[in-house]
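Structure first, commentary second.
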Amino acid sequence: QKEVEQDPGPLSVPEGAIVSLNCTYSNSAFQYFMWYRQYSRKGPELLMYTYSSGNKEDGRFTAQVDKSSKYISLFIRDSQPSDSATYLCAMRPNTGNQFYFGTGTSLTVIP
Amino acid sequence: EPEVTQTPSHQVTQMGQEVILRCVPISNHLYFYWYRQILGQKVEFLVSFYNNEISEKSEIFDDQFSVERPDGSNFTLKIRSTKLEDSAMYFCASSELAGGSEQYFGPGTRLTVT
């Protein structure tokens with residue numbers, strides 16, 4: 001199943017760096033786009049969600065959706081060691097409850 | 001802050017045995033979900049549940065799986081006859097609204113089938 005593709009990393013950055021995490025997808029019916037953070041051996045924690053195209057900002061986090069390119073991004077500004085986790089993208093169509101997840105990108109922020 | 005809880009955190013069972021995984025969703029949420037994550041693989045949707053019935057299920061959710069809301073607070077996933085390939089993390093999630101873009105996940109139950 002390759003509906004959602006995400007580079008697994010690992011990605012390692014110094015503290016304070018801007019981090020860019022990305023997913024691509026193939027199903028043009030996807031309308032809702034979510035980003036989750038998952039610490040080791042924990043459940044996914046919802047960070048942000050966006051509907052359709054555009055940007056959404058929440059503190060140090062910005063989510064972008066480009067539906068024409070079927071490409072979504074999560075930017076983390078001023079990254080902190082506490083941001084070290086696996087970041088999962090998820091998406092779903094306008095109808096239905098099923099989320100489709102990416103494999104997750106493992107991020108380490110080095111102090 | 002309200003959260004989804006799951007018990008047990010780790011369950012070890014023998015192949016062919018029945019297991020029940022338990023979840024307590026966030027109290028004002030009406031929509032409930034089960035997902036699983038096989039080690040090193042994607043989180044996969046299993047089933048969604050609303051108003052005491054299944055609203056959607058994936059191909060993975062075959063006849064060996066069932067869900068139930070036995071009372072006002074618990075939501076359970078039963079696997080009737082476990083197989084080795086059922087070994088995975090099982091996550092429960094809940095949402096307040098239909099469609100549930102804001103699905104909140106529990107910490108998961110690690111199921112190991114031997």
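Here is how the numbers come out for the structure above:
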| read-out | value |
| --- | --- |
| DSSP beta bridges in chain B [antiparallel fraction, %, rounded to 5] | 90 |
| Loop-resident sites, segment A:62-111, for trypsin sites (Lys or Arg not before Pro), counting at most 15 other Cβ within 10 Å (DSSP) | A:LYS67, A:ARG77 |
| Contact surface A-B: accessible area buried, both sides summed, square angstrom, 1.4 angstrom probe | 1800 |
| Backbone HN-Hα couplings from phi across segment B:51-57 [Karplus 6.51/-1.76/1.60, Hz, Gly and Pro as x] | 6, 6, 8, 6, 9, 7, 9 |
| Selection from A:LEU11, A:PHE99, A:GLN80, by position along the positive dipole direction of segment A:4-110 (Cβ) | A:PHE99 |
| Peptide B:41-48 - average C-beta neighbours from other chains (10 Å radius) | 6 |
| Listed residue pairs exceeding 30 Å between alpha carbons, taken from A:LYS67/B:LYS78; A:LYS70/B:LYS78; A:LYS42/B:LYS57 | A:LYS67/B:LYS78; A:LYS70/B:LYS78 |
| Net charge over other residues, Cβ less than 9 angstrom from the Cβ of A:LEU88 (K, R count +1; D, E count -1) | +2 |
| Square roots of 5 times each gyration tensor eigenvalue, C-alpha, chain A, largest first, Å | 23, 14, 12 |
| Phi-based couplings in Hz for segment A:6-13 (Karplus 6.51, -1.76, 1.60; Gly and Pro marked x) | 8, 5, x, x, x, 10, 10, 9 |
| Per residue solvent-accessible surface (Å²) - chain B, probe of 1.4 Å | 50 |
| Neighbourhood charge, 15 Å Cβ-Cβ cut-off, centred on A:ASN22 and excluding it, Lys, Arg +1 and Asp, Glu -1 | -1 |
| Partner chain coverage, peptide B:58-71 - average Cβ within 10 angstrom | 0 |
| Calculated from backbone phi, Karplus (6.51, -1.76, 1.60) coupling profile of segment A:24-31 in Hz, x at Gly/Pro | 10, 9, 10, 8, 5, 6, 5, 10 |
| Sequence-separation-based contact order of chain B, relative, with Cα cut under 8 Å and 6+ spacing, percent | 38 |
| Loop-resident sites, segment B:1-88, for trypsin sites (Lys or Arg not before Pro), counting at most 11 other Cβ within 10 Å (DSSP) | B:LYS83 |
| Highest-fluctuation residue, A:GLN64, A:GLN38, A:GLN98 considered, GNM on chain A with Cα pairs under 10 Å | A:GLN98 |
| Spacing of the two label points (7 Å from each Cα toward its C-beta) at B:GLU85 and A:SER40, in nm | 3.0 |
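The values are calculated or read from the model by the stated rules, or taken from the named source; none is laboratory data. Note that the coordinates shown come from a computational prediction; the quantities given were computed from them, not determined experimentally. In this analysis, Cβ positions are derived from the backbone assuming ideal geometry, glycine residues included, and neighbour counts consider all displayed protein chains. In case anyone asks, the SASA skips ligands and DNA or RNA and just uses the protein heavy atoms, side chains included. Shrake-Rupley method; radii C 1.70, N 1.55, O 1.52, S 1.80 Å.
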